[in-house]
Amino acid sequence: MARKKIIAGNWKMNMTPSQAVELIDTLKPLVGNEDVDVLLCVPAIDIIPAMEAAKGSNIMIGAENMYFEEKGAFTGEISPLMLVDAGVKYVIIGHSERREYFAETDETVNKKVLKAFEHGITPIICCGETLTQREQGVTIDFIRQQIKIAFLNVTAAQAASAVIAYEPIWAIGTGKVATTEQAQEVCKAIRECIGEIYDEATADAIRIQYGGSVSASSAPELFAQPDIDGGLVGGASLKADFGRIVCYNK
Ligand code: 13P
C-alpha cells in the first residue's frame, strides 16, 4: 500500500490571528499537490480564523497541543472537545519544545495520544534525540523507548492511522538538517519498532515524518526516502517557501 505523504507546518508561537489569515491567503495558491496531505498546525487562538481562511483549499488546520482531560479546572489548557468542535483533525503531541519547557513526559504524551484517538483526532507524535544521545550512540534505543511508551494501550487500528514525527533536537531551528541517511535510518527503525509492537500491516500503514530545518532545498531528497512520508516544518512554514516544500516532487 502506498502511503500518502503528509507535509505539515508547525507555526509554534508565531502569527497573530490576522497574520495567520494573511499567510494562509498567500499559501493557498502555492500548495496544490494531489500527492500530499497539507496541514498547518497553528496556535490555538489562530485555529478558527485559519479554518475560515483555508476554506475551499486543500490546506487542513491542526493544533500544536492538547490536554488529556475533556474539561475542568485546567487553566490555560485546550480540550479535545474544543478542537473537535473547531473542526480539527490533527494535533501535534509531545513536541520536544513541550517536553523541554512545559514538562511533558513520555507518560503525558501517551495520555494525550489516547485522548486524541478517543475523540477521533489524529496525533502527530513527536520523538527525537539530543546531540549528546546521538554522540553516545543511543539514538535508536532512546527513540524506541519514546515510541513504546507513546503507544501504550493504543490499538493497531489507531496506530495505523497515526503520524510520527522524527525530529532530532539538534536539527530543530539550527539550520543543521540531518543527513538523508541519518533521517532514513531512524525513520526505518521507528517503522520496525511499530512492526514489533503491532504487525507488518500497521508498520506499513503508519506515516512517519522527518522534522528539523527542512527547507525547499533539502525536502526532495528527504521525502524520496522509503521510510520518510513527509515532513514537520517549523521556520519554513511561516513563509511562501512552504509552497515549494509541499510541491517538492513537481
Ligand atoms: P524548524 O523547521 O524550524 O527546524 O523546526 C522543526 C520543528 O520543530 C517542527 O516541529
For the range 1-116, what is the relative contact order in percent, using Cα pairs closer than 8 Å and at least 6 residues apart in sequence? 22
Kindly give the semi-axes, whole Å and largest first, of the ellipsoid equivalent to the range 1-139, taking each as the square root of 5 times a Cα gyration tensor eigenvalue. 25, 20, 15
When the scattering of the range 162-205 is computed by the Debye formula from its Cα atoms alone, each counted once and equally, what is log10 I(q)/I(0) at q = 0.16, 0.18 Å⁻¹? -0.49, -0.58
Between Ile149 and Ser217, how many nm apart are label points set 7 Å from Cα along the C-beta direction? 3.7
Long-range amide H partners of Gly9 with built H, under 5 Å: Leu39, Leu40, Cys41, Val233
To the nearest 10 Å², what's Glu135's accessible area with a 1.4 Å probe? 140
Which value, in debye to the nearest 20, gives the size of the charge dipole of the range 1-122 about its Cα centre, when Lys and Arg are +1 and Asp and Glu are -1 at the Cβ? 260
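List the equivalent ellipsoid semi-axes of the chain in whole Å, largest first, each obtained as the square root of 5λ for an eigenvalue λ of the Cα gyration tensor.
25, 22, 17
Go through His119, His95 and list them by solvent-accessible area, largest first, probe radius 1.4 Å.
On the way: His119 45, His95 10 Å².
Most to least solvent-accessible, the answer reads His119, His95.
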Mind listing the Cα extents of the range 112-156 along all three principal axes, in Å, largest one first? 39, 15, 13
Let me know the volume per residue of the alpha-carbon convex hull for the range 159-240, in Å³. 87
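With +1 assigned to the C-beta of every Lys and Arg and -1 to the C-beta of every Asp and Glu, and no other charges, what is the dipole magnitude of the range 42-82 about the Cα centre in debye, to the nearest 20?
Working: 2 positive and 6 negative charges, 29 e Å.
Here the range 42-82 has a charge dipole of around 140 debye.
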For the range 76-206, alpha-carbon Rg over 2.2 N^0.38 Å: 1.05
If you put +1 on each Lys and Arg Cβ and -1 on each Asp and Glu Cβ, how big is the dipole of the chain around its Cα centre, in Debye rounded to 20? 360
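Report the full-extension gain for the segment Glu185 to His119: residue separation times 0.36 nm, less the Cα-Cα distance, to one decimal in nm.
Values: separation 66, 0.36 × 66 = 23.76 nm, distance 3.26 nm.
Here the answer is 20.5 nm.
The values are calculated or read from the model by the stated rules, or taken from the named source; none is laboratory data. This one's a predicted model, so the numbers in the text were calculated from it and none came from an experiment. So basically every Cβ, Gly included, is an ideal-geometry build from the backbone, and we count neighbours across all protein chains shown. Calculation scope for accessible area: heavy atoms of the full protein, side chains included, ligands and nucleic acids excluded. Shrake-Rupley method; radii C 1.70, N 1.55, O 1.52, S 1.80 Å.
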